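The next block holds one structure in the form of structure tokens; read it before the comments.
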Amino acid sequence: MAVTSEPRAQEGGAAPRHRSATRSLLRLWPYVRPVRVRLFGAAGVAVVASCMGLVIPLVLKWMVDGPVAHRDPGGVWLGGALLLALGTAEAALFGLRRWLVGRPLASVEAAMRADLYRHLQRLPVSFHDRWASGQLLSRATTDLMLLRMFLAFPLTFLVVNGVTILAGFAILLSQEWTLGLVLVVPAVPLVILCSLFEKRYATVARAVQDQTGDLTTVVEEGVLGVRIVKGFGRHRSQARAFRTLSQQVRSTELHKARLLATLWALIMTLPELAIGAALVLGTMRVADGDLSAGTLVAFLSTALTLRWPVESLGFLLAMSQDAATATDRYFDVMDAEPATAADRPRPARPLRRGENGEAGEGGEDSGGSGGGLRFEGVEFAYADAPPEEPPVLRGVDLHIRPGETMALVGATGSGKTTLTALVPRLQEITRGRITLDGRDITALPREELRALVAVAFEEPTLFSATAGENVLMGATDAGREELLRALKVAQADFVHALPEGTDTEVGEQGLSLSGGQRQRLALARAVVGSPRFLVLDDPLSALDVHTEALVEAALRQVLAATTALVVAHRPSTVLLADRVALLSEGRITAVGTHQRLLRESAEYRSLMSGQEREEGESSP
């Protein structure tokens, strides 16, 4: 398990150099729009509450210059009651703000998480091949939590504090404009500091969030691969790898903290110096009789009231940058488009008979459209492959007739698994076309396509659900009868001996079961819906000889009623098929019966005998 020193460039990369935080955050508007009334209402309530705090210094001015100066106890009590009422109202309004935003913003977070998960299901397998699962997990959890926190607090208080600062300085200038200017002067360097801070903090914030995603990946891989780690005694090296990456995250977090601490220190120091200067100047003017004591008290009280809105700018801007980075990371995934037929170049012409090197019966597979499963001039290359690298599949022409079972045989790395992944559109072909009963699969809605085609892979994937639920994922309308039939075909009757039978939880990835048991459940999932087309990628590799024979005997009945493409490595699996296709270096080089290929193809004989061909290993 490699640990990278930098966030992975293919998974979103670093933040754009000139990214605008405002432009990034505006992309949240479609999610915020349904709750905009309560969000704007909460902001309005908070503005009113904050402005009430600015009224308190005016009441103090009235009290000092009025009842206190004239020794009027009744006026003092009245002023005290008014201050108490203002404080109580301010607290109640801030409480109302929290109530207004709590539930709606939780709904926004839930909606964004649901959209992200739904979109991930629609993205092609090639996208998931490039992205580490930890990066996706961190976007679905940590990043969305940051966005909810931003909408609940920083967004509102950037508006509230901005209004409060403007209103407060208007009051200060109206009370005594000369002292007000003393407090306005630090605003210029503060604006410059905030601008510089935003650019530097954005880069560091993106780095730490990407590194956190990498750290999540390491933890996930360590937990899922704990048997391998323990089996090879690699727990110490894994701990070192984790410690190295966590130290990187720590270092970046400290850098971020230093930036924030520097900004906060300056934001707090400059206003304090200005207030101190205003206090000295105001005291001198009161002593000279140019300013009333009440005005000075009100002025200083207003200035102190503005301390929090000004000093909070530092962490509000930091949280806004974190939220903008989280938004960018979220839309890194949401902007990824599922591959469509329009994305693929079409061939100038289909390959003619014999162009792909087919022998014997392969010639008839190059004809026009027809029933069954047909590959016509199919080519596939990975999107991120170097231009000079040849495609994984090149000019594949193959016709599997209705009701026929075709075995696909080839050396390791010849492209068998890739070819099977093209049928249900887990990968999108680069050129050519694939048809099911004459219909191009790219013209079929994905739901219809995947209802027609069932798949089972060599590496079975089970979910944290019951054994029965895992099998019934293969057909939404299947019932108990279909479940029992599928278990019987796959020789998965061991399920009935589990503590709760088909209702037994199989655990994460089905690791409570053996490899052969997981593979049999995956096979049962493929056949439970009696699909018209069946694609099996070496589905019996983990079975012992006796169980394999039983499964093959039962599977013959299923294959007799469907059109199937079966990747095979063992002669016993090949014998399930009506015909065999030999895939060599991305091309179909021979098609025929098992016996015919044994007679005519040296490569096929070598594969069936389990021998490695020297020429195959040394071929370019």
Q) Please state the relative contact order of segment 135-293 as a whole percent: Cα pairs under 8 Å, 6+ residues apart? A) 34
Q: Quick one: what are the phi-derived ³J(HN,Hα) couplings along segment 246-258, Karplus 6.51/-1.76/1.60 with θ = phi - 60°, whole Hz, x for glycine and proline?
A: 5, 5, 4, 4, 4, 4, 5, 4, 5, 4, 4, 5, 5
Q.
Starting from 0.36 nm per residue, how many nanometres of slack lie between Leu173 and Ala261 once their C-alpha separation is accounted for?
A. 28.6 nm
(Q) How large a share of the accessible area of the chain, in percent, is made up of carbon and sulfur atoms when the probe is 1.4 Å and the other protein chains stay in place? (A) 60
Q | FRET efficiency estimate (nearest 0.05) - Cβ-Cβ, Ala114 to Glu337, R0 22 angstrom | A | 0.70
**Q.** Long-range amide H partners of Trp131 with built H, under 5 Å
**A.** none
Q. Counting only residues 5 or more places away or on other chains, whose amide H sits under 5 Å from the amide H of Ser584 once H atoms are built in the peptide plane?
A. Thr589
**Q.** Karplus 3J(HN,Hα) series, Hz, for segment 373-382 with 6.51 cos²θ - 1.76 cosθ + 1.60 (x for Gly, Pro)
**A.** 10, 10, 9, 10, x, 6, 10, 9, 9, 5
Q: For Leu291, enumerate residues with amide H under 5 Å from its amide H, sequence gap 5+ or separate chain, H modeled in the peptide plane.
A: Val286
Q: Output ³J(HN,Hα) for segment 188-195: one whole-Hz value per residue in order, computed from phi by the Karplus curve 6.51 cos²θ - 1.76 cosθ + 1.60 with θ = phi - 60°, and x for Gly and Pro.
A: 5, x, 5, 5, 5, 4, 5, 5
Q.
Quick check: residue separation of Thr593 and Asp437 times 0.36 nm, minus the Cα distance between them. What number comes out in nm?
A. 53.9 nm
Q. Residues of the chain: accessible area per residue at 1.4 Å, in Å²?
A. 48
Q: Before anything else, pin down the relative contact order of segment 465-620: Cα pairs under 8 Å, at least 6 apart, normalised by residue count, whole percent.
A: 19
Q: Taking just the C-alpha trace of the chain, give me its Rg and Dmax in Å.
A: 35.0, 120
Q: Round to the nearest 0.05 the FRET efficiency obtained for Ala81 and Ser464 when R0 = 51 Å and r is the Cβ-Cβ distance.
A: 0.25
Q) For the chain, which longest stretch is free of loop sites, where a loop site is one of the chymotrypsin sites (Phe, Trp or Tyr not before Pro) that DSSP puts outside H, G, I, E and B and that has at most 16 other Cβ atoms within 10 Å? A) 1-231
Q) So which trypsin sites (Lys or Arg not before Pro) in segment 465-508 pass both tests, a DSSP loop state and at most 12 other Cβ atoms within 10 Å of the Cβ? A) none
Q: Grab the Cα-Cα distance for Asp288 and Ser246, subtract it from 0.36 nm times how many residues apart they are, and report the gain in nm with one decimal.
A: 8.9 nm
Q.
At R0 = 41 Å, how high is the FRET efficiency between Ala89 and Val188 if r is their beta carbon distance? Nearest 0.05 is fine.
A. 0.70
**Q.** Contact order relative to length of the chain, as percent, for alpha carbon pairs under 8 angstrom and 6 or more apart
**A.** 15
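The values are calculated or read from the model by the stated rules, or taken from the named source; none is laboratory data. Computed from a prediction, not measured in an experiment: that's the story for all the values here. All Cβ positions, glycine included, derive from the backbone under ideal geometry; neighbour counts span all protein chains shown. Remember, those area values only see protein heavy atoms, side chains included, never the ligands or the DNA or RNA. Shrake-Rupley method; radii C 1.70, N 1.55, O 1.52, S 1.80 Å.
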